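Undergrad: This is the structure I have questions about; it appears just below.
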Amino acid sequence: MLATWQYLLAGGVSKGLASIATYPHEVVRTRMREAGAAGRYINMPQSLRLIAREEGRRGLYGGLGPHLLRVVPNTAIMFMSFEVLSRRLPVLLEQRPWEDVLDRAERAWVDFQAGLTLESAAMTAPLAFIHRGVSEVSSSISKTQAHLVSAFVQ
């Protein structure tokens, strides 16, 4: 059984490594979706080679920083919350907490876990907009507004 902080660390590190390994796929998928059927990106292997040849690593991993800032904290907190709650929930249910009043420390801990999980989603939602917003939103707004959004992100 790991300590709470170890669950947090394990969730964050594993999501970070998984994101780094799969990010080129996300870049290609996004470009293929934006280009449509008439685009220059035909399939996944061809698109990966094209981007790697023309833009190098920067093309395959551009935007990885904001992506990691969005997904790693959220996943780490969710993983920790799941592990801690799945370990403590059977004990709480066995004690029949609806009949007995939980002590203040236990109630505070459960409230803290729930709040932390919700806070994680609230903190990472704006980063999701920034990650998707520049490409998706800029197509529906004026060039001046798109330039302002791009300047804000950089």
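The values are calculated or read from the model by the stated rules, or taken from the named source; none is laboratory data. What you see is a predicted model, and the numbers here were worked out from it, not measured in a lab. All Cβ positions, glycine included, derive from the backbone under ideal geometry; neighbour counts span all protein chains shown.
Undergrad: Taking the condition of being basic (Lys, Arg), over 14 Å from PHE79 (Cβ atoms) and either part of a helix (DSSP H, G or I) or in contact with a strand residue (DSSP E or B) (Cβ under 6 Å, 6 or more places away or on another chain) (or both), how many residues in segment 1-41 meet it?
TA: Summing the residues that are basic (Lys, Arg), over 14 Å from PHE79 (Cβ atoms) and either part of a helix (DSSP H, G or I) or in contact with a strand residue (DSSP E or B) (Cβ under 6 Å, 6 or more places away or on another chain) (or both) in segment 1-41 gives 3.
Undergrad: Could you check segment 46-154 for helices (runs of 4 or more DSSP H) lying wholly inside it with 3 or more residues that are at pLDDT below 65?
TA: Where helices (runs of 4 or more DSSP H) fall fully within segment 46-154 and carry at least 3 residues being at pLDDT below 65, they are 104-137, 143-153.
Undergrad: Could you say which residue among ARG87, ARG29 is more than 30 Å from GLY115 (Cβ to Cβ) and among the basic types (Lys, Arg)?
TA: One residue alone meets the criteria, ARG29.
Undergrad: Right, next: For ALA21, only one of the following conditions fails: (1) over 30 Å from SER86 (Cα atoms); (2) under 18 Å from the mean Cα position of the chain (by Cα); (3) exposed (fewer than 12 other Cβ atoms within 10 Å of the Cβ); (4) of a type in the set (A, V, I, L, M). What is its number?
TA: Result: ALA21 fails condition (1) only.
Undergrad: Report whether or not THR75 is buried (at least 17 other Cβ atoms within 10 Å of the Cβ), closer than 27 Å to SER120 by Cβ, in contact with a helix residue (DSSP H, G or I) (Cβ under 8 Å, 6 or more places away or on another chain) and of a type in the set (Ser, Thr, Tyr).
TA: Criteria met by THR75.
Undergrad: Oh, and also: Examine segment 35-48 for a residue that is among the hydroxyl-bearing types (Ser, Thr, Tyr) and surrounded by 12 or more Cβ atoms within 10 Å (Cβ to Cβ), and state whether such a residue exists.
TA: Yes.
Undergrad: Tell me which residues, restricted to segment 28-63, are among the small types (Gly, Ala, Ser) and in contact (Cβ under 8 Å) with a residue 40 or more places away in the chain.
TA: Listed by number, the list holds a single entry, GLY63.
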